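Single-structure report; data block below.
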Amino acid sequence: DAGGKFDYVNRKWRETLGYSAEEVEMLELADVLREDQVSGCMEMFGRVVGGESLDRVETVFVSKDGVEVYVEGDISGRFRDGEFVSTRGIFRDVTEKKRAEEAQRELDRMKSEFISNTSHELRTPLQSIMGFTKLLLQGKVVDGETQREFLTIMDKQSVHLADLINDLLDVSRMESGRF
């Protein structure tokens with residue numbers, strides 16, 4: 001109604017949020033919204049009271065036992081003789097969709113971080129191998145003992161590089177389900 005109290009909610013809404021029909025009669029809109037959603041929803045409520053219809057509204061309800069329920073829906077006003085009577089909202093539970101989107105964002109973030117770290121890990125031994133190779137090829141290291149030391153370092157770095165590449169191939173196989 002104009003005061004934000006519920007006139008009617010369907011059985012599915014009550015089941016999802018865990019309220020009895022009697023409890024719903026005592027609730028106002030702000031009672032079932034996540035705290036950070038209250039001001040935005042009340043602003044939208046005011047727009048609907050003023051005659052605007054809103055499509056694809058997203059918000060977060062909080063069930064009686066504290067579970068967040070992400071919803072998406074449409075809201076319109078009911079008017080009689082030009083006077084506002086009530087709002088009508090039809091919402092769909094999109095909690096699983098939101099969780100899947102969040103999981104995908106986290107996966108994308110982890111992939112980016114992995115690529116960044118891996119690039120650094122690959123570059124380090126490669127730079128070492130390239131530097132020592134260049135010095136040896138240019139004849140700047142004539143001492144046999146130093147040459148052997150450089151070659152030993154290059155060998156260790158090559159093994160490290162091969163291990164990193166094999167790890168990357170394993171990750172790729174795991175991701176494609178072939179591991």
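The values are calculated or read from the model by the stated rules, or taken from the named source; none is laboratory data. Remember, it's a predicted structure, so these values are computed and weren't measured experimentally. All Cβ positions, glycine included, derive from the backbone under ideal geometry; neighbour counts span all protein chains shown. These accessible areas exclude ligands, DNA and RNA; they are computed on the full protein's heavy atoms, side chains included. Shrake-Rupley method; radii C 1.70, N 1.55, O 1.52, S 1.80 Å.
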Notebook entry, point to check: Along the range 17-24, what does the Karplus equation 6.51 cos²θ - 1.76 cosθ + 1.60 (θ = phi - 60°) give for ³J(HN,Hα), rounded to whole Hz, x for Gly and Pro?
Noted result: 8, x, 10, 7, 4, 5, 5, 4
Next item on the list: Compare the peptides 3-9, 78-84 by average per-residue count of other Cβ atoms within 10 angstrom and give them in order, highest first.
Entry: 3-9, 78-84
Note to self: Assuming 0.36 nm per residue, please report the length gained on full extension of the stretch Leu168 to Met26 beyond their Cα-Cα distance.
What the structure shows: 45.3 nm
Note to self: Connecting C-alpha atoms closer than 10 Å in a GNM of the chain, tell me which of Lys12, Lys156, Lys140 has the biggest fluctuation.
What the structure shows: Lys140
Note to self: Within the chain, which whole H helices from DSSP have a Cα span along their axis of at least 18 Å and a mean Kyte-Doolittle hydropathy of -1.0 or more, if any?
What the structure shows: 95-137, 144-176
Note to self: Can you give me the % of accessible surface on the chain that is carbon or sulfur? Probe 1.4 Å, all protein chains present, nothing else counted.
What the structure shows: 52
Check: Roughly how many Å is it from the Cα centre of the range 110-179 to that of the range 1-35, as a whole number?
Finding: 62
Margin query: Counting heavy atoms of the protein chains only and a 1.4 Å probe, report the per residue accessible area for the range 1-151 as a whole number of Å².
Written below: 69
Notebook entry, point to check: Under 21 Å Cα-Cα from Lys134, which lysines qualify once same-chain neighbours fewer than 8 residues away are excluded?
Noted result: Lys156
Notebook entry, point to check: Which of the lysines could a cross-linker bridge to Lys12, judged by Cα under 26 Å and excluding same-chain residues fewer than eight apart?
Noted result: Lys64, Lys97, Lys98
Check: Can you give the accessible area of Ser20 in Å² (nearest 10), computed on protein heavy atoms with a 1.4 Å probe?
Finding: 40
Next item on the list: Tell me the label-point distance for the pair Phe114, Arg88, using the 7 Å Cα-to-Cβ offset, in nm and rounded to one decimal.
Entry: 4.9
Notebook entry, point to check: Which whole number in µm²/s is D for the chain by Stokes-Einstein, with the Kirkwood Rh taken over Cα pairs at 4 °C and 1.567 mPa s?
Noted result: 59
